[in-house]
Amino acid sequence: PTKQRTISSFFAPK
Amino acid sequence: MLEARLEQSSVLKKVVDAIKDLVQDCNFDCNDSGIQLQAMDNSHVALVAMHLKTEGFALYRCDRNIALGINLVSLQKVLRAAQNEDVMTLKAEDSPDALSLVFENSENDRISEYDLKLMDIDQEHLGIPETEYGATVKMPSAEFQRICRDLSLLSESVAIEATKEGIKFSCTGDIGKGAVTLRQNPNVEKPELGTTIELQEPVALTFSLKYLVNFCKASGLSNTVTISLSNEVPLLIEYEMEHGYVRFYLAPKIGD
């Protein structure tokens with residue numbers, strides 16, 4: 001089973 | 001104030017067509033480098049970054065940074081009034097309530113003037129790190145679109161594997177399974193029809209096809225698309241324009 005990650009878990013707010 | 005003139009309305013029309021199904025409201029950030037946009041989709045799985053550089057405008061003037069808060073569905077309604085070949089001029093004050101759009105035909109005997117109401121959008125910007133990707137594939141955008149559409153009929157997810165053999169897109173669904181493998185095949189006479197694969201290390205990732213199919217709506221922006229992949233980081237899909245780009249980032253599906 002795979003889980004969809006979110007973009008914000010890779011890119012931090014500026 | 002902002003004053004920006006595009007020789008061809010089709011440039012902005014295509015950009016809006018490419019992203020309007022992914023994001024609804026977003027800021028067009030205008031500054032001395034041109035017009036930029038960065039926005040995530042509602043589920044925060046995908047991010048779009050767009051840049052129309054000043055060099056792409058026949059006239060460009062922007063005294064200070066201006067954020068134009070735009071509803072893309074509304075913008076598209078106004079842009080329908082522009083013919084592809086029309087010259088388009090965008091104008092806004094420093095703290096604007098509205099964006100003025102003027103479309104002029106090449107014969108110079110029709111001037112259409114529209115105002116689009118703007119909104120306050122509190123949008124955070126994400127820092128996108130410089131990444132050395134494990135695999136970079138450049139291929140015809142129409143072919144990538146076809147692969148995504150075909151596989152999306154079978155499954156919700158696609159596994160993308162880049163090895164020295166090539167790049168393989170594969171999926172498994174209720175009715176069966178499918179796979180497409182592309183091998184490096186540069187076209188000397190027509191580079192836009194060739195496929196090039198740069199591989200630093202093998203990459204294997206899984207992505208939602210729904211988003212990839214959505215990104216392919218940008219295919220009208222460029223004959224080629226560049227797909228950059230590294231293990232366990234978001235995929236980058238770039239449509240390069242003559243003076244700018246539209247980039248999509250998609251977070252992978254990863255095993256628990």
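The values are calculated or read from the model by the stated rules, or taken from the named source; none is laboratory data. Treat the numbers as computed from the prediction; the structure is a model and nothing was measured. Cβ placement follows ideal geometry from the backbone for every residue including glycine, while neighbour counts extend to all protein chains displayed.
Brief remarks on what is shown
- Among the residues of segment B:211-256, those identified as small (G, A, S) and either free of Cβ contacts under 8 Å to residues at least 24 places away in the same chain or within 13 Å of chain A (Cβ to nearest Cβ) (or both) are B:S230, B:A251, B:G255.
- Considering residues of segment B:27-51 that are under 30 Å from B:K253 (Cβ atoms) and more than 14 Å from the chain's Cα centre (by Cα) only, the residue surrounded by the fewest Cβ atoms within 10 Å (Cβ to Cβ): B:N42
- Qualifying residue in segment B:87-109 (condition: away from chain A (no Cβ under 14 Å), among the aliphatic types (A, V, I, L, M), surrounded by fewer than 16 Cβ atoms within 10 Å (Cβ to Cβ) and part of a loop (DSSP other than H, G, I, E, B)): no
- Wholly enclosed strands (runs of 3 or more DSSP E) of segment B:119-179 bearing at least 2 residues touching a His at 6+ places or on another chain (Cβ under 9 Å), at pLDDT below 95 and over 19 Å from B:Y249 (Cα atoms): none
- If the condition is being buried (at least 20 other Cβ atoms within 10 Å of the Cβ) and either at pLDDT below 95 or within 30 Å of B:F207 (Cα to Cα) (or both), then segment B:52-65 contributes only B:L52.
- Criterion: under 30 Å from B:L101 (Cα atoms), more than 13 Å from chain A (Cβ to nearest Cβ) and not basic (K, R) - qualifying residue of B:E124, B:E113, B:E143: B:E113
- Flag if B:V73 is exposed (fewer than 15 other Cβ atoms within 10 Å of the Cβ), within 18 Å of the chain's Cα centre (by Cα), more than 14 Å from chain A (Cβ to nearest Cβ) and touching a residue at least 40 places away in the same chain (Cβ under 8 Å): yes
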